[in-house]
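Notes follow once the structure below has been shown.
The values are calculated or read from the model by the stated rules, or taken from the named source; none is laboratory data. Predicted model, so just to flag it, every value in this text is computed and none were measured. Cβ placement follows ideal geometry from the backbone for every residue including glycine, while neighbour counts extend to all protein chains displayed.
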C-alpha cells in the first residue's frame, strides 16, 4: 500500500471471466464452470483482498495466457492498479497505457493513469486524464476522489484558524451580538 492512499481509489476491475454453463431451467445435474483464466481471476481477488504482490504475480501469469482484447484489457488494468498499490507508478503507467491502447473509452484506465501521473508529479498529464475519465463517466465517485487528490497537490488548503485566548476577548460580545 502506498503512503498517499492511492490504493483506496484504484478502479480495480474484477471479472471472473465466466464461461456460460448449463442454463438454470434444465432438469439435469448442473455443472459449475469456473473462470476461463484462473490466474486473472485469482489475481483480481488477491488485489481486492489487498495482497498487491500476489495479485500482480498471478495477473502477470494470467496475462501470458490471456485470450482476446477483453482479457488483455482486464490483465493490464489490474496490473496498473496492482503496481500503484505497490507504489511503483512507472510500472503502473506502462500497463495503464496498454489498456488505453486496447480501449481508449475505458474510464478506469484514465483514473488509474491519473494516479500514476500524480505520484510521478506529472500534474498536467494527471489533470488531462481526470478530465478524459470524467468525460467518459461524469458521475464516477472514484474520479471525483482522484480529482480531490490532484487539487490537494496543486491548490493545497492552508489552515487559517486563530484562537484568541486572552481573557478580554472571551468577555467581549462577538460583532453583531446584542447584550
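Please pick out the residue among 118, 123 that is surrounded by fewer than 16 Cβ atoms within 10 Å (Cβ to Cβ) and closer than 22 Å to residue 88 by Cβ.
Of the residues listed, the single one that is surrounded by fewer than 16 Cβ atoms within 10 Å (Cβ to Cβ) and closer than 22 Å to residue 88 by Cβ is 123.
Considering only residues of the stretch 114-124 that are assigned to a helix (DSSP H, G or I) and touching a residue at least 12 places away in the same chain (Cβ under 8 Å), which is nearest to residue 103 (Cα to Cα)?
Restricting to residues being assigned to a helix (DSSP H, G or I) and touching a residue at least 12 places away in the same chain (Cβ under 8 Å), the top hit is 114.
When residue 104 is evaluated against the numbered criteria (1) part of a loop (DSSP other than H, G, I, E, B); (2) touching a residue at least 12 places away in the same chain (Cβ under 8 Å), which criterion, by number, is the only one it fails?
All conditions are met except number (2).
Kindly provide the set of residues from the stretch 137-168 that are at pLDDT below 90 and either assigned to a loop (DSSP other than H, G, I, E, B) or surrounded by 10 or more Cβ atoms within 10 Å (Cβ to Cβ) (or both), ordered by number.
156, 157, 158, 159, 160, 161, 162, 163, 164, 165, 166 - these are the residues of the stretch 137-168 that are at pLDDT below 90 and either assigned to a loop (DSSP other than H, G, I, E, B) or surrounded by 10 or more Cβ atoms within 10 Å (Cβ to Cβ) (or both).
Which numbered condition in (1) modelled with pLDDT under 95; (2) surrounded by fewer than 23 Cβ atoms within 10 Å (Cβ to Cβ); (3) under 15 Å from residue 99 (Cα atoms) is the only one that residue 48 fails?
The number of the failed condition is (3).
Could you please find all residues in the stretch 83-94 being within 19 Å of residue 107 (Cα to Cα) and touching a residue at least 40 places away in the same chain (Cβ under 8 Å)?
Residues satisfying the conditions are 84, 85.
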